[in-house]
Amino acid sequence: MIDFKNIEYLKSGNKIQTEAYETLTKNKVLESLAEFDPILVGTIPINIAIENSDLDIVCYWQNKSHFIERITSLFKNKTNFKLSETFINQEESVIGSFILDDFEIEIFGQNIPTQNQNGYRHMIIEHQILQSRDENFRKEIIKLKQNGYKTEPAFGKLLGLEKDPYAELLNYKI
């Protein structure tokens, strides 16, 4: 099993994974977010990225104002920097985004430990599903994503999940 909390695994990955590793390490993105227990999640870590896939980083804040100040001070000078606050699954969420090298970076913070956040939990389950299936399954996920599906709905379609793929994936048994 890959330790997704340490991005070293990206170094021996495919082209997009090695480029992601270079961008994140060269710019010290995770290091600068260390106090928020950052974890890279999403499609790039589990090898189902498509062109224009972004680097999603989940963070755990205990003081929202401090998190917003820190994200702003670290990244406000980056291309296309944006910061927003919203509620996702009834949880206060802060989202910062910007461009770094050839990647859009999205920093997603909640007052929930990172390993308990849905973004991380979905990625772990999707990784386990991918490991239990053949290469054709992975290619079908990528094809659905290229045709406009978000990741969880793509898994839902191939797995025959009937209702809300975001909720159903969290309880999916391999």
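The values are calculated or read from the model by the stated rules, or taken from the named source; none is laboratory data. These figures come from a predicted structure and were not determined experimentally. Positions of Cβ are backbone-derived with ideal geometry, glycine not excepted, and every protein chain shown enters the neighbour counts. Areas reflect the complete protein model, heavy atoms only, side chains present, ligands, DNA and RNA absent. Shrake-Rupley method; radii C 1.70, N 1.55, O 1.52, S 1.80 Å.
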Restricting attention to the stretch 65-83, which residues are in contact with a Gly (Cβ under 8 Å, 6 or more places away or on another chain) and either open to solvent by 30 Å² or more (accessible area, probe 1.4 Å) or free of Cβ contacts under 8 Å to residues at least 24 places away in the same chain (or both)?
T72, F81, K82, L83
For a quick check of your reading of the model, give me the residue pairs whose first member lies in the stretch 39-50 and is at positive phi, whose second is open to solvent by less than 10 Å² (accessible area, probe 1.4 Å), with beta-carbon atoms closer than 8 Å and at least 6 apart or on different chains.
G42/L55; G42/M123
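Select, from T43, T72, T25, the only residue that is in contact with a strand residue (DSSP E or B) (Cβ under 9 Å, 6 or more places away or on another chain), farther than 30 Å from R133 by Cα and of a type in the set (S, T, Y). It would help to see each step written out before you state the result.
On the way: T43 fails: farther than 30 Å from R133 by Cα; T25 fails: in contact with a strand residue (DSSP E or B) (Cβ under 9 Å, 6 or more places away or on another chain).
So the residue among T43, T72, T25 that is in contact with a strand residue (DSSP E or B) (Cβ under 9 Å, 6 or more places away or on another chain), farther than 30 Å from R133 by Cα and of a type in the set (S, T, Y) is T72.
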Could you go through the stretch 112-122 and let me know if any residue there is open to solvent by 40 Å² or more (accessible area, probe 1.4 Å), part of a loop (DSSP other than H, G, I, E, B) and either modelled with pLDDT of 95 or more or under 17 Å from L40 (Cα atoms) (or both).
yes
Within the stretch 133-174, helices (runs of 4 or more DSSP H) holding 2 or more residues that are closer than 13 Å to A49 by Cα and of a type in the set (V, I, T):
135-146
For the stretch 18-28, check the following and say yes or no: at least one residue is in a loop (DSSP other than H, G, I, E, B) and open to solvent by 80 Å² or more (accessible area, probe 1.4 Å).
yes
The stretch 86-103, subset free of Cβ contacts under 8 Å to residues at least 12 places away in the same chain and assigned to a strand (DSSP E or B), residue most open to solvent (accessible area, probe 1.4 Å)
F87
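Please verify whether E106 is out of contact with any Lys or Arg (no Cβ under 8 Å at 6 or more places or on another chain), surrounded by fewer than 20 Cβ atoms within 10 Å (Cβ to Cβ), farther than 26 Å from N27 by Cα and not hydrophobic (A, V, I, L, M, F, W, C), treating the condition exactly as stated. Spell out the reasoning first.
Working: out of contact with any Lys or Arg (no Cβ under 8 Å at 6 or more places or on another chain): yes; surrounded by fewer than 20 Cβ atoms within 10 Å (Cβ to Cβ): yes; farther than 26 Å from N27 by Cα: no; not hydrophobic (A, V, I, L, M, F, W, C): yes.
Judged against the criteria, E106 is not a match.
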Give the number of residues within the stretch 29-51 that are surrounded by fewer than 21 Cβ atoms within 10 Å (Cβ to Cβ), farther than 17 Å from M123 by Cα and touching a helix residue (DSSP H, G or I) at 6+ places or on another chain (Cβ under 7 Å).
2
Filtering the stretch 132-174 down to residues that are open to solvent by 100 Å² or more (accessible area, probe 1.4 Å) and either touching a strand residue (DSSP E or B) at 6+ places or on another chain (Cβ under 9 Å) or touching a residue at least 24 places away in the same chain (Cβ under 8 Å) (or both) yields Q146, I174
So how many residues does the stretch 1-21 have that are touching a residue at least 40 places away in the same chain (Cβ under 8 Å) and in contact with an Asp or Glu (Cβ under 8 Å, 6 or more places away or on another chain)?
1
Tell me, yes or no, whether the stretch 99-119 has at least one residue that is of a type outside the set (D, E), touching a Leu at 6+ places or on another chain (Cβ under 6 Å) and farther than 20 Å from A167 by Cα.
yes
